[in-house]
Ligand code: DC
């Protein structure tokens, strides 16, 4: 039996700007588990494709690009993802740009690319456990997850959060444009044929429009002991004490 066979998984899916990354990282840090930001894989591929001038509909070239990508993740002691390196260069900030997100969302409709990324994402499943965020974590990549959360927030609120983040980084931003881009990305992510953004049947839906992510985190903490009970025979695998 592989160590991943027993290691529990928690998934946090949702649209861009819902706060899923923050919630997933808080949970990973709290539990001392691994963390996978699946969007970062699509984003880093988008960046590499852009650098190499590959047409976004060219599945063959994108497929061989992803198979040969030199990507490294550097994590802190709590195993939260902190930096992403492409060919040895720290690209953590650049992959967060709206442009990269939009290209990633276009690449994400391609079935062949999703198939390759599926294997890559499942490689992150290791003991003592994994917290992951994305669009199809609970539905396709880790359907066996012990806890699945689907985090939403209305698109105006998500655009406002993004606007604030960009301003804080000293980057010029246009709220109307951000709202439009978020709406377009939602449309593509929700409506694609292959592994669209949607909640798993057994996911808990949470709306962060009027709630701080910290409050949502506190709520999720209350559910953990019950959801993780099945692993109680392995006390070292997780720590549900604050
Ligand atoms: O979560 P994010 O904004 O970093 O994701 C960027 C894009 O990558 C998103 O618009 C669609 C794609 N994506 C996906 O299709 N499936 C995932 N599990 C994660 C991201």
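The set of residues from region 70-93 being surrounded by fewer than 16 Cβ atoms within 10 Å (Cβ to Cβ) and either modelled with pLDDT of 90 or more or over 18 Å from the mean Cα position of the chain (by Cα) (or both) comprises 70, 72, 77, 85, 87, 88, 89, 90.
Determine if region 39-49 includes at least one residue that is more than 13 Å from the ligand (Cβ to nearest atom), modelled with pLDDT of 95 or more, part of a helix (DSSP H, G or I) and closer than 18 Å to residue 93 by Cα.
First pass over region 39-49, keeping only residues more than 13 Å from the ligand (Cβ to nearest atom): 48.
Now narrow it down to the ones that are modelled with pLDDT of 95 or more: 48.
With the extra rule that they be part of a helix (DSSP H, G or I), the set shrinks to 48.
Subsequent filtering for residues that are closer than 18 Å to residue 93 by Cα retains 48.
Looking for residues that are more than 13 Å from the ligand (Cβ to nearest atom), modelled with pLDDT of 95 or more, part of a helix (DSSP H, G or I) and closer than 18 Å to residue 93 by Cα, one finds at least one in region 39-49, hence yes.
Going through (1) touching a helix residue (DSSP H, G or I) at 6+ places or on another chain (Cβ under 7 Å); (2) at pLDDT below 95 one by one, residue 146 falls short only on (2).
Checking each residue in region 1-38 for being assigned to a loop (DSSP other than H, G, I, E, B), touching a helix residue (DSSP H, G or I) at 6+ places or on another chain (Cβ under 6 Å) and farther than 22 Å from residue 227 by Cα picks out 15, 16, 17. For region 203-219, the tally of residues that are free of Cβ contacts under 8 Å to residues at least 60 places away in the same chain and in contact with a strand residue (DSSP E or B) (Cβ under 6 Å, 6 or more places away or on another chain) stands at 4. Hey, any hits in region 50-57 for a residue that's in contact (Cβ under 8 Å) with a residue 40 or more places away in the chain, assigned to a loop (DSSP other than H, G, I, E, B) and either more than 21 Å from the chain's Cα centre (by Cα) or within 16 Å of the ligand (Cβ to nearest atom) (or both)? The answer is yes, given that some residue of region 50-57 is in contact (Cβ under 8 Å) with a residue 40 or more places away in the chain, assigned to a loop (DSSP other than H, G, I, E, B) and either more than 21 Å from the chain's Cα centre (by Cα) or within 16 Å of the ligand (Cβ to nearest atom) (or both).
The values are calculated or read from the model by the stated rules, or taken from the named source; none is laboratory data. Given the structure is predicted, the values throughout are model-derived calculations rather than measurements. Ideal geometry is used to build each Cβ from the backbone, glycine not excepted, and the neighbour counts take in all protein chains shown.
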